[in-house]
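Trainee: Just passing along the structure, written as structure tokens.
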Amino acid sequence: METSKRTKVKELLDSTAFGSTVTVKGWVRTFRNNQFIAINDGSTINNIQAVVDFENTDETLLKRLTTGAAISVTGELIESLGKGQKVEIKVKELEILGDSDAEKFPLQPKKHSLEFLREIAHLRFRTNTFNAVFKVRHALAFAIHQFFNERGFVYMHTPIITASDAEGAGEMFRVTTLDFDNPPRTEDGKVDFKQDFFGKSTNLTVSGQLEGELAAMAFGDIYTFGPTFRAENSNTTRHLAEFWMIEPEMAFYDLNDNMQLAEDLLKYVIKHAMTTCADEIEFLKNRLLEEEKQKPQDERSELDLVTKLNFCLENNFERLTYTEAIEILKNSTPNKKKKFKYLIESWGADLQSEHERYLVEKHFKKPVILTDYPKDIKAFYMRQNDDGKTVRAMDILFPGIGEIVGGSQREERLELLEKRMQEMEISAEELYWYLDTRRFGTAPHAGFGLGFERLVLFVTGMTNIRDVIAFPRAPKTAEF
Ligand code: 4AD
Ligand code: MG
């Protein structure tokens, strides 16, 4: 009997090859009545039931069928009489591949809180919730590549270590090999980065955009999909210090083309996940319904997960300018009743997530694209409008999430770009290579960044971003 061959549970659950001999390898979820083993091999959130002939099985072997143990089971695939499953396995051979001490294994066949599971993130993959979340995450990543590939975009790998600060935000992680306790110093006492590994001060990238623009100016349409790092001390349910971002950049696109591409991308990948992960999303929908039962009525979502996702696919995203949004917010009930933490008093205010969520969830009740933000709250590279106050920026706001996409048409006019950099004290010397694209064959172009975990958060209906990335990095959190 071949034992290294196995059939995945997902395949068997759909099989009707009754009478055939099959081998399943996986981990015990539960063992009931000294007879029924629920085996999960990760291929689906559903378990397969294996039935042991306990009267003819060594008792010490049965004792080792504990939650978490890895086993191999060979037997006959039969039609199941039990409810909730179509097939099961009548066990002929049973082998324990790896024991799991029931006293010590932290995952018990009961409901654990997400907070607890976060502490044992190395084991939480073995729960249904995280199986479903990471299947959806995979499906979304795959669909993103498929979407761009179908449209002839080139996937660029932009550097992780960089000497530039794309956003000018200055919240970066330094990369150095200098002796931390005794760094070399220049005559005026500053740390001498000339002696550092790269001969200059370097950081982990906050965005691949600037390098992406260089490539777009040759390939036309490109995208990046990689890790980005932000040292902002934001301890929220929507911020990570290490997150993945998708950044397409397109030559000859204006802001409208850019918005359309972003909307098409979001709809495409959500649809793909709903088609390929129907079981997982159904499971996550029910999980969310359960979770929301704990909340007061007025804090529960109006739509269940599947309805919300469909709603997103079926509606055009509402497009309006920042200026129009400010008017709506100024006159909104929570602003008048001083319910917002940050009251909207005048044009120019940066929007907080409470404002974004008001627009999306209460006012328009659908995804919103805000455009033409004040230049003072946006990055230096955004194309300046003729009004002298606003830039061709766009943010896409999603229900429950707030900002999911940030992008813009880029300033392709060299003089205007240089002037803006000067105003914002960004060194034109250091970014000479970026400015070269404006010197040699400059062209209108645009792009955006989609926060991958925020997308996964939306599609899975999870509420904390730390539950949609395997090993979250956040302030004071870098375990595993
Ligand atoms: O709006 P951001 O900062 O834009 C950029 O980085 C541009 N360079 C993008 C571009 O035009 N190519 O970030 C883009 C998106 C946000 O909309 C959000 O979804 C996500 O990245 N994001 C984060 N996600 C998780 N944790 C954080 N700390 C995030 N910061 C931004
Ligand atoms: Mg942004």
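A short reminder: the numbers here are calculations on the coordinates, not readings from a lab. None of the values given here were measured: they were computed from a predicted structure. Positions of Cβ are backbone-derived with ideal geometry, glycine not excepted, and every protein chain shown enters the neighbour counts.
Trainee: Say whether the condition of being in a loop (DSSP other than H, G, I, E, B), more than 20 Å from Ala216 (Cβ to Cβ) and more than 16 Å from ligand 2 (Cβ to nearest atom) is met by at least one residue in the stretch 400-422.
Mentor: Looking for residues that are in a loop (DSSP other than H, G, I, E, B), more than 20 Å from Ala216 (Cβ to Cβ) and more than 16 Å from ligand 2 (Cβ to nearest atom), one finds at least one in the stretch 400-422, hence yes.
Trainee: Still on this structure, please answer the following. Residues that are basic (Lys, Arg) and in contact with a Gly (Cβ under 9 Å, 6 or more places away or on another chain): does the stretch 395-417 have at least one?
Mentor: yes
Trainee: Counting only residues that are away from ligand 1 (no atom under 11 Å from the Cβ), in a loop (DSSP other than H, G, I, E, B) and under 16 Å from Ala325 (Cβ atoms), how many does the stretch 367-384 have?
Mentor: Residues in the stretch 367-384 being away from ligand 1 (no atom under 11 Å from the Cβ), in a loop (DSSP other than H, G, I, E, B) and under 16 Å from Ala325 (Cβ atoms): 1 in total.
Trainee: Just checking: which of the helices (runs of 4 or more DSSP H) contained wholly in the stretch 281-340 hold 2 or more residues that are more than 17 Å from Leu114 (Cβ to Cβ) and of a type in the set (Asp, Glu)?
Mentor: Passing ranges, in order: 322-330.
Trainee: Scanning for something more than 16 Å from ligand 2 (Cβ to nearest atom) and free of Cβ contacts under 8 Å to residues at least 12 places away in the same chain, does the stretch 451-459 turn up at least one residue?
Mentor: no
Trainee: Have a look at Val191, Val175, Val133 and point out the one that is within 30 Å of Lys285 (Cα to Cα), touching a Ser or Thr at 6+ places or on another chain (Cβ under 9 Å), surrounded by 13 or more Cβ atoms within 10 Å (Cβ to Cβ) and of a type in the set (A, V, I, L, M, F, W, C).
Mentor: After ruling out the rest, the residue left standing is Val133.
Trainee: Can you tell me which residue is farthest from ligand 1 (Cβ to nearest atom) among those in the stretch 407-422 that are surrounded by 21 or more Cβ atoms within 10 Å (Cβ to Cβ) and not acidic (Asp, Glu)?
Mentor: Leu417
Trainee: Could you please find all residues in the stretch 431-449 being exposed (fewer than 13 other Cβ atoms within 10 Å of the Cβ), in a loop (DSSP other than H, G, I, E, B) and touching a residue at least 12 places away in the same chain (Cβ under 8 Å)?
Mentor: Gly441
Trainee: For the subset of the stretch 199-227 comprising residues that are free of Cβ contacts under 8 Å to residues at least 60 places away in the same chain and within 16 Å of ligand 2 (Cβ to nearest atom), which member is farthest from Gly406 (Cα to Cα)?
Mentor: Restricting to residues being free of Cβ contacts under 8 Å to residues at least 60 places away in the same chain and within 16 Å of ligand 2 (Cβ to nearest atom), the top hit is Thr205.
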